[in-house]
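What follows is one structure encoded as structure tokens, with my remarks underneath.
The values are calculated or read from the model by the stated rules, or taken from the named source; none is laboratory data. Please read these numbers as outputs of a predicted model, since none were measured by experiment. Please note: Cβ atoms are built from the backbone with ideal geometry, for glycine as well, and neighbour counts cover all protein chains shown.
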Amino acid sequence: MKHLLPALLVIVGVSWSAVAQEPPAVTPIGSRRELFVEEGLIESLTGKAELRLHHPTPREVVIEHNEPWEGSGCVYHSVFQDGNLYRMYYAAGQLTVTEQGVNAGTHGQFCCYAESDDGLHWRKPKLGLHEFQGSKANNIVMVREQVGDAVSEPGEPAVFKDENPNAPADARYKALLPANLRPADNRRGLLAFKSPDGLHWTAMSDRPILTDGAFDSQNLAFWDPTAGLYRAYWRYFTKGGHDDIKTWNPQGDRAIRTATSKDFLHWENQRDLRYFDSPSEQLYTNQVKPYYRAPHLLIGFPSRYVERGHRDPKGHEARESGTPDRIRKWSSSLKALPERQNREWRAKASERYGRAITEGLLMASRDGVAFKRWNEGFLRPGIERPGTWNYGQQFIAWSPVETAGTWEGSPRELSFYAVESYWTDDSDLLRRYTLRLDGFVSAQAPMSGGELVTRPITFTGSRLSLNLATSAAGSVRVEIQDANGKAIPGFTLDDCEELFGDTLERDVVWTTQPNLAALKNRPVRLRFELRDADLFSYQFGE
């Protein structure tokens, strides 16, 4: 018996030694672009290097929803580029706020259409499809209709162009609309619609394609070219956002659920989204879609819903709902926000309508289920002014599109669109925001310096290009290491020319090596040295 324990220790020691000597996992990236919106390929950040979230810059108001069939309840925009044309779809409706509270206004809800040649200047074409107050001279493309035993609700549309190469001609455009299934018990589902031209729509089935969820927000689906299937994301209520909860609880967390499909009609693999390091929060929309410059990355812009109120004697913020007389107990900051009277009138309909504030977040995933969600606000409410810091502001359109650069001679950039002046007067606004291409998150370090090292990758191509921004004195250098972290001769930091400037594409140059052809398909690590610099993305190519 006295020899058993040493023998076991030897066996265990050999086992752990074998594990320690296993080569690190290698990710083949080929020539695809890699961003820093999540940490899947990052091994370490040292010195003062960090990942920094960036924020879109506010620009002009591109649309005022002031037509008689529109109003202050216009929301849930879908935006995409279709050849030389930009298309937009949105919910149109009026929500009137008075001293008595909130009512649904003078008309129902519709799905409307707008278009643009540049993403900045939008027009509402008179389509002649649906009648409103005796005239078809409007831009309405979908109205409430009976589909089997359900009634579609065009007030929460999600429209996209199907990039599936096998999509039939009569279904080049698709949409999801919520539907009331059994009004008596308030059950809802999602109906699928198709269109050959984006204007004339018909139901794809006489029954809902999904019924397990709340569906009281913008619920969407799209073709994922990397996975070769459709993905759907919709609103779901849970007590904690866990996969094992099968029924939704209206008093629980507003979570996001996903599923996949091969034909857009039959869905499987339902899962609640998981987050790496984020608290349970109330999320209204999700706005997930493949990022077109790196379609293996799914990027979303969910709306965070927060109720702000008064503070109890212990200094904790009170978030419970109550009667309108709680308005008198609101904190000084809440009372100081813009349009206090409108906020108090909203609270008479529901206390949360007065205390709630919304903003846009950023999240990203490689598998469509596990997301890195940035806890800081991506699109904040911004400087206080009329129409801001209220419930409904900064609902980001699904999704950003590429437009011309703001300055003459500058590169193209991303345009986001977000709602403001929601539930005020008889119209609301859609404001444009801009961000550099790939500019969501950067690897950043001050002048004192920092480094980022990737996990092992393989690549194809003979050059490495960076999307970077430095100060006049700042720089970026790159070293290529083998999979174990040893610098490869000819590709060390000392061999690398200092890179500086502010550009979407700057080639890395090593003075002793003309190109990277000898390292193709070989497991390597990248070591980025940063000094007063932001690195947004990198890509290998020919």
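Just the residues that are polar (S, T, N, Q) and over 34 Å from the mean Cα position of the chain (by Cα), please, taken from the range 480-532. Residues satisfying the conditions are 484, 492, 511, 512, 513, 515. Among the numbered criteria (1) loosely packed, with under 13 Cβ neighbours inside 10 Å; (2) under 16 Å from residue 191 (Cβ atoms), which single criterion is violated by residue 177? If we test residue 177 against (1) loosely packed, with under 13 Cβ neighbours inside 10 Å; (2) under 16 Å from residue 191 (Cβ atoms), just (1) comes out false. For residue 399, the stated conditions hold: it is of a type outside the set (Val, Ile, Thr), closer than 21 Å to residue 376 by Cα and assigned by TED's automatic domain parsing to the domain that holds residue 122.
Being of a type in the set (S, T, N, Q) and modelled with pLDDT of 95 or more is the filter here, so list the residues in the range 95-132 that pass it. Listed by number, the list holds a single entry, 116. Looking across the range 242-284, the residues that are part of a loop (DSSP other than H, G, I, E, B), of a type outside the set (A, V, I, L, M) and at pLDDT 95 or above come down to 262, 263, 264, 266. Of the residues 73, 101, the single one that is out of contact with any strand residue (DSSP E or B) (no Cβ under 6 Å at 6 or more places or on another chain), of a type in the set (Gly, Ala, Ser), closer than 22 Å to residue 179 by Cβ and in contact (Cβ under 8 Å) with a residue 40 or more places away in the chain is 73.
Being modelled with pLDDT under 80, crowded, with 18+ Cβ neighbours inside 10 Å and farther than 19 Å from residue 376 by Cα is a property that holds for residue 309.
Return the total of residues in the range 383-408 being in a loop (DSSP other than H, G, I, E, B) and touching a residue at least 12 places away in the same chain (Cβ under 8 Å).
Residues of the range 383-408 in a loop (DSSP other than H, G, I, E, B): 383-395, 397, 399-400, 404-408.
If we keep only those that are touching a residue at least 12 places away in the same chain (Cβ under 8 Å) as well, we get 384-395, 397, 399-400, 404, 406.
The total comes to 17.
Take the conditions (1) modelled with pLDDT under 95; (2) more than 30 Å from residue 542 (Cα to Cα); (3) of a type outside the set (A, V, I, L, M, F, W, C); residue 86 misses just one of them, which is (1). With the checklist (1) more than 22 Å from residue 50 (Cβ to Cβ); (2) among the polar types (S, T, N, Q); (3) modelled with pLDDT of 95 or more in hand, flag the one item residue 513 doesn't pass. Failing condition for residue 513: (3). The number of residues in the range 133-177 that are assigned to a strand (DSSP E or B), of a type in the set (Gly, Ala, Ser) and modelled with pLDDT of 95 or more comes to 3.
Pairs are defined by a Cβ separation below 7 Å, a sequence spacing of at least 6 or placement on different chains, a first member in the range 180-208 that is exposed (fewer than 15 other Cβ atoms within 10 Å of the Cβ), and a second member that is modelled with pLDDT of 95 or more and among the charged types (D, E, K, R); the pairs so defined are 196/170; 196/172; 202/194. The residue list 410, 421 contains one member that is small (Gly, Ala, Ser), surrounded by 21 or more Cβ atoms within 10 Å (Cβ to Cβ), assigned by TED's automatic domain parsing to the domain that holds residue 296 and modelled with pLDDT of 95 or more, which is 421. The set of residues in the range 105-132 being outside any strand (DSSP E or B) and without any contact (Cβ under 8 Å) to a residue 24 or more places away in the chain consists of 106, 125, 126, 128, 130, 131. Contact annotation: residue pairs with Cβ atoms under 6 Å, 6 or more positions apart or on different chains, pairing a residue in the range 40-65 that is on the phi > 0 side of the Ramachandran plot with a partner that is of a type in the set (Asp, Glu), are 47/451.
Hey, can you tell me all the residues within the range 45-85 that are more than 26 Å from residue 173 (Cα to Cα), over 18 Å from the mean Cα position of the chain (by Cα) and β-branched (Val, Ile, Thr)? Of everything in the range 45-85, those that are more than 26 Å from residue 173 (Cα to Cα), over 18 Å from the mean Cα position of the chain (by Cα) and β-branched (Val, Ile, Thr) turn out to be 46, 61.
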